[in-house]
1. From the list Leu226, Leu136, which one is buried (at least 18 other Cβ atoms within 10 Å of the Cβ) and either in a helix (DSSP H, G or I) or in contact (Cβ under 8 Å) with a residue 40 or more places away in the chain (or both)?
2. On the basis of being among the aliphatic types (A, V, I, L, M) and within 23 Å of Ile212 (Cα to Cα), does Val488 make the cut?
3. Working carefully through the options Leu417, Leu408, find the one that is touching a helix residue (DSSP H, G or I) at 6+ places or on another chain (Cβ under 8 Å), open to solvent by less than 10 Å² (accessible area, probe 1.4 Å) and assigned to a helix (DSSP H, G or I).
4. Using the structure shown, decide if Leu187 is touching a strand residue (DSSP E or B) at 6+ places or on another chain (Cβ under 8 Å) and not acidic (Asp, Glu).
5. For residues in region 424-481 being farther than 26 Å from Gly106 by Cα and basic (Lys, Arg), which is most open to solvent (accessible area, probe 1.4 Å)?
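The values are calculated or read from the model by the stated rules, or taken from the named source; none is laboratory data. It should be emphasised that the depicted structure is a prediction, and the values quoted were computed from it without experimental measurement. Every residue, glycine as well, gets a Cβ built from its backbone with ideal geometry; the counts of neighbours run over all protein chains shown. When the accessible area is computed, the model is the full protein with side chains, heavy atoms only, and any ligands, DNA or RNA have been set aside. Shrake-Rupley method; radii C 1.70, N 1.55, O 1.52, S 1.80 Å.
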Amino acid sequence: MASLGNYTADRGHSTILRREKCDAYLLIHLETVLGEGFRTFFYFLGLAYCFIGLSAITARFFRSMESVVKHSRTVETIDPLTNTKIVKNEKVWNYTIADITLLAFGTSFPQISLATIDAIRNVGNLYAGGLGPGTLVGSAAFDLFPIHAVCVVVPKAGELKKISDIGVWLVELFWSFWAYIWLYIILEVWTPNVVTLWESLLTVLQFGLLLIHAYAQDKRWPYLSLPIEREERPVEWVPVEVVKYRPLDKVHDPHSEVSQVGEEENTRIVDIFSIHSGEGKGHFYQNLADGDITESSTSNSGNIIPEESDIVSIWKEQFVVALTLESAESRKLNNIYLRVARIFWQSLLLPWKFLFAFVPPYQIAHGWIAFICSLMFISGIAYIVTKLTDLISCVTGINPYVIAFTALASGTSWPDLVASKIAAERQLTADSAIANITCSNSVNIYIGIGVPWLIDTLYNYIAYREPLRIDNAEGLSFSLLVFFSTSVACIGVLVFRRLTIGAELGGPRVWAWATCIFFMLLWLIFVVLSSLRVSGII
């Protein structure tokens, strides 16, 4: 299948529509004899279904990530005064680094995979593909505006959730803004319209500087951190909660049970390990604190490790849940139309749910295997998305940058939206919800654009001794300027909310919805102006 660059009629002179015969196809050659309208509808439908798949795998990915972050280790120290041994649990992951790497990198993986696949297909071409950069810049705007808009209204009426560590947020915000300034310098100042090997290498290395700087701020290293005090924040990345669920699997300890609830059966993500209380009627589960887990487990890691039979039962339950079209909750609904709608939606999700049921349970290896498998599934969906985008651009003649700014950016950013929404709901502060947004924007540039450009520039340097040329660099630079201008307005509103109502998220419903609408207007301004510019209209 031809790449997006082959669909461009004249480089540097783009239009919204380019009418030319498309001989490419997705599954069978028979598609080429169908009408263009039907093919366009079919490909857009496939694209939407892929985005549904991305949202479905995000819940499983987030569960595995929670399991990774909750992992602790036993540390023994000697008290110098009493000469007694002190045993305590310490978290393996620093929460700031977890937000930047596991959360931001993981939720940005669809865009990163898409851009990397586009770069690999483009190896040997002197011009960079437009799919990756356009998607990542558009994704940055989607992350900053619509996701902030959703997170602002997620807390309950009157509930306030604020950033507890302003210093870390400022560091992450600085590197997020600098990422797009750096990209503009590459495209317009140092080497206009081309990217050299050293520029792409420096882009990737700056992600390491972000990690070091953020960690230094979190630990308040002298000379490398801002002198801003951190407010009290929860010890746990996910708060302890008390919930009611039916038991699925039991550990052989008669006094405790291990419970896992399928993602599709409830709208909230729950912790893995729970203890059964005999008080009251029915089954009641209370999440274990770290100390309780340690005392009831013989594992040095401080976590309950289910036996092999329990893991098999849990994995089996994943398939049972995936193949269930109607839950017990939906059967209780009196509205027949709502029940039918739910069954239809579950039928639509069933192929994805069945496929993702093959992801191993996140009780194994502290969630790492499930985490990696989830990213592999995301990469596979991203590959299909690139194929469908090629076909849509080929059949309709729509400029690929316009598709990237709109449909691809919104669809591939869906995991970001789901993850930030979950964090805004579950966590007591706004740190992770907002950190996922700002850090995802940094990851989009330093990794999502840096790595694909490094692949292509390295090949071009070795094979041709030539840099990588950027098609429609002026349009991309204009989009960066629009994004930077609108993002200043977005951050200004967040600062204003902190100074007036005391929190970035939540608050009175009127102000929350007013903020939400304003953020969505900023996103529309970016999309419209960027699309008109890359299409050569303005």
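1. So the residue among Leu226, Leu136 that is buried (at least 18 other Cβ atoms within 10 Å of the Cβ) and either in a helix (DSSP H, G or I) or in contact (Cβ under 8 Å) with a residue 40 or more places away in the chain (or both) is Leu136.
2. Against the criterion (among the aliphatic types (A, V, I, L, M) and within 23 Å of Ile212 (Cα to Cα)), Val488 does not qualify.
3. Exactly one of Leu417, Leu408 is touching a helix residue (DSSP H, G or I) at 6+ places or on another chain (Cβ under 8 Å), open to solvent by less than 10 Å² (accessible area, probe 1.4 Å) and assigned to a helix (DSSP H, G or I), namely Leu408.
4. So Leu187 passes the test.
5. Of the residues in region 424-481, the ones farther than 26 Å from Gly106 by Cα are 459-475, 477-478, 481.
Subsequent filtering for residues that are basic (Lys, Arg) retains 465, 469.
Working: Arg465: 158, Arg469: 73 Å².
Of everything passing the filter in region 424-481, Arg465 is most open to solvent (accessible area, probe 1.4 Å).
Each row is one residue, and each column tells you yes or no for (1) over 16 Å from Leu391 (Cα atoms); (2) modelled with pLDDT under 75; (3) among the aromatic types (Phe, Trp, Tyr).
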{"residue": "Glu20", "(1), (2), (3)": "no, yes, no"}
{"residue": "His29", "(1), (2), (3)": "no, no, no"}
{"residue": "Gly35", "(1), (2), (3)": "no, no, no"}
{"residue": "Thr40", "(1), (2), (3)": "no, no, no"}
{"residue": "Gly46", "(1), (2), (3)": "no, no, no"}
{"residue": "Gly53", "(1), (2), (3)": "yes, no, no"}
{"residue": "Ala59", "(1), (2), (3)": "yes, yes, no"}
{"residue": "Glu66", "(1), (2), (3)": "yes, no, no"}
{"residue": "His71", "(1), (2), (3)": "yes, no, no"}
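Rundown of residues vs (1) touching an Asp or Glu at 6+ places or on another chain (Cβ under 8 Å); (2) of a type outside the set (Asp, Glu); (3) part of a helix (DSSP H, G or I); (4) within 30 Å of Arg465 (Cα to Cα), yes/no style:
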| residue | (1), (2), (3), (4) |
| --- | --- |
| Thr77 | no, yes, no, no |
| Pro80 | no, yes, no, no |
| Asn89 | yes, yes, no, no |
| Trp93 | no, yes, no, no |
| Val123 | yes, yes, no, yes |
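One line per residue, one yes/no per condition, for (1) open to solvent by 40 Å² or more (accessible area, probe 1.4 Å); (2) touching a residue at least 24 places away in the same chain (Cβ under 8 Å); (3) within 17 Å of Gly208 (Cα to Cα):
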{"position": "Thr82", "(1), (2), (3)": "yes, no, no"}
{"position": "Trp93", "(1), (2), (3)": "yes, yes, yes"}
{"position": "Ile97", "(1), (2), (3)": "no, yes, yes"}
{"position": "Ile112", "(1), (2), (3)": "no, yes, yes"}
{"position": "Thr116", "(1), (2), (3)": "no, yes, no"}
